[in-house]
Each structure stands twice: as C-alpha cells, then as structure tokens.
Amino acid sequence: MEDKMNYYISFLKKEIRESVRTYKLMIMLVAFIFIGIMSPMLAKLTPELLKSLQSDSMQIVIHDTTAIDSWTQFFKNVNQIGFLALLIIFSDSLPKEIQSGTLINVITKGVSRKSIIWGKMSVAWLLWTISYIPGALVAWGYTEYYWGNDGMKHLFLGLLGSWAFGILLLTLLILGEVIGKTLYGGLLVAGGCVVLMFILNIIPDLSEYNPLFLTTANVTLMQGGYQPEDYVKAFIVSAVIMVAAIITSVCVFDKSNL
C-alpha cells in the first residue's frame, strides 16, 4: 500500500511539473483572473455605454447597476468562457501520452493504471481550484469596492456550485479521453453530457436534480429565490455521476491497450 501511494505521489508531482512546463497553470490563472476583473467592469461600464447610444429618436431605459449585476456577469463568463477554456486546456491530458507511448514507460516503472487516472484527475481538479479561487476573489474584491457584497445571500454556496460543476466537467472529460483515447473523445463525452443536461433541464420536475442547476441557479440563489437545501439534490446527483465516471474510467483504462 505504501509503495502504491509513493508511486501515486511521484506521478502526481510529474503531472504538476508538466502543467507548469506547458503553461496550463499560467493560462488558467490568467483566464480566470481576467474573468474576475472583467465581470464587475462590464457591469459597471454597461450603463455608461448604453447612455452613449441614446438619442432623441431612441430612448433606452437604464437601471442603476448593483452587486447582483456584477455576479450575474461573473457566472455568465465562467459558464461561457471559463468552462470552455477548461475543456480545451485539459482535452489532451491523457490522449497525448497514450499516443506518444509515454504511459508505457510510466507503467513499466511500477505506477499502476489506477494511479495514472487518479493522478490525472487530481491535477486537473487542483489546477481548476487554484485558478477559480483567485478569479472569484478578484470578482468579490471589485464588487465589494463598487457596490458591497452585503446583500448577496448564500454567495459562497453559489460560488461552490460553479466550482463543483467544473470538477464534474473535468471528470467527464477524462472519462471521454479514456474511452476515446483521442482529444475529441473527451470533448465529445463532456460536451454530450452537457447537451443532455440542457435537454433534461426542459423538464421542470427534474431541474433541481440536474447538475446544470449548480451553475445556472447561482444568481437566483443569491437573490433569495432558492434556499441552500434546494442545491442539495443537484450536489448529490453530481457526486453520483462523478463516482460512476471515476469507477468507469479506472475499469476501462485498466483493460485498454496502450
């Protein structure tokens, strides 16, 4: 057991070094700090831009911006830009090493296939976490400076929901990479699951069980439209999907030819 743990830690260190060397960590940090800066800025500047478009023939109703506009913009940017960047950056995590034969050398040195999957997922989750947190903190700081965050209900839970959805996306991405062994395999599985979530979201009775709820209901939660207990169902379903995806990834990779 101790040897297995040592091999896992060694592979983990190798993956972290690789992420730094290939600039994945830097790109993720820059992208999410940019989102953290851009979101409050857009909320602040949008009324001014709308005022400049007004004329005698065209009157635009302009409302004063508040903290909720800033966080609406933040979650919108995470959903549209952040998750897309996340999938693209990690889409070659496993296929690149399978195609180059690097993993064969790793396995012959004693690293188990289970450790490889856990190592890949652990580093992906870690990089996502240490990129998302600074971005959220920057957004919080600018929002606090311009409007204050005191009126935001369950802000931490709303942020936690988007983070959890990112973890789920990465897990599904690596599952797709294990099954397809190509860059497109991971994107197809993760993207296909998201499309399926959107389709199921049409059914009102299923919406609160849908993992998509974690990253689309954040603003409503902060406005008091949902309560923390309403998030529990989506968290549980997401956790079940993640466990199933991890087990499947380990089983399929253990039997696959490299």
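For this structure, a couple of remarks:
- Being modelled with pLDDT of 90 or more, part of a helix (DSSP H, G or I) and open to solvent by less than 60 Å² (accessible area, probe 1.4 Å) holds for only one residue in I68, I27, I37, and it is I68.
- Scanning the stretch 224-252 for residues being open to solvent by less than 60 Å² (accessible area, probe 1.4 Å), part of a helix (DSSP H, G or I) and over 19 Å from L169 (Cβ atoms) gives a total of 2.
- Residue satisfying all of: in the stretch 237-258; polar (S, T, N, Q) and out of contact with any Leu (no Cβ under 7 Å at 6 or more places or on another chain); farthest from K114 (Cα to Cα) among these: N257
- Residue list for the stretch 148-157, filter: within 7 Å of M222 (Cα to Cα) and buried (at least 16 other Cβ atoms within 10 Å of the Cβ): M152, H154, L155
- Which listed residue, of G185, G166, is in contact with a helix residue (DSSP H, G or I) (Cβ under 9 Å, 6 or more places away or on another chain), touching a residue at least 24 places away in the same chain (Cβ under 8 Å) and more than 21 Å from N77 (Cβ to Cβ): G185
- No other residue among L221, L206 is open to solvent by less than 20 Å² (accessible area, probe 1.4 Å), assigned to a helix (DSSP H, G or I) and more than 16 Å from S93 (Cα to Cα) apart from L221.
- Where a residue in the stretch 101-126 is more than 22 Å from V243 (Cα to Cα) and its partner, wherever it lies, is part of a loop (DSSP other than H, G, I, E, B) and open to solvent by 20 Å² or more (accessible area, probe 1.4 Å), with Cβ under 7 Å and at least six apart: L103/L258; I104/L258
- Among the residues of the stretch 126-140, the one identified as under 12 Å from the mean Cα position of the chain (by Cα) and open to solvent by 80 Å² or more (accessible area, probe 1.4 Å) is I133.
The values are calculated or read from the model by the stated rules, or taken from the named source; none is laboratory data. Computed from a predicted structure; not experimentally measured. FYI the Cβ positions are ideal-geometry reconstructions off the backbone, even for glycines, and counts take in every protein chain you see. Protein only, heavy atoms only, side chains kept; ligands, DNA and RNA dropped before computing areas. Shrake-Rupley method; radii C 1.70, N 1.55, O 1.52, S 1.80 Å.
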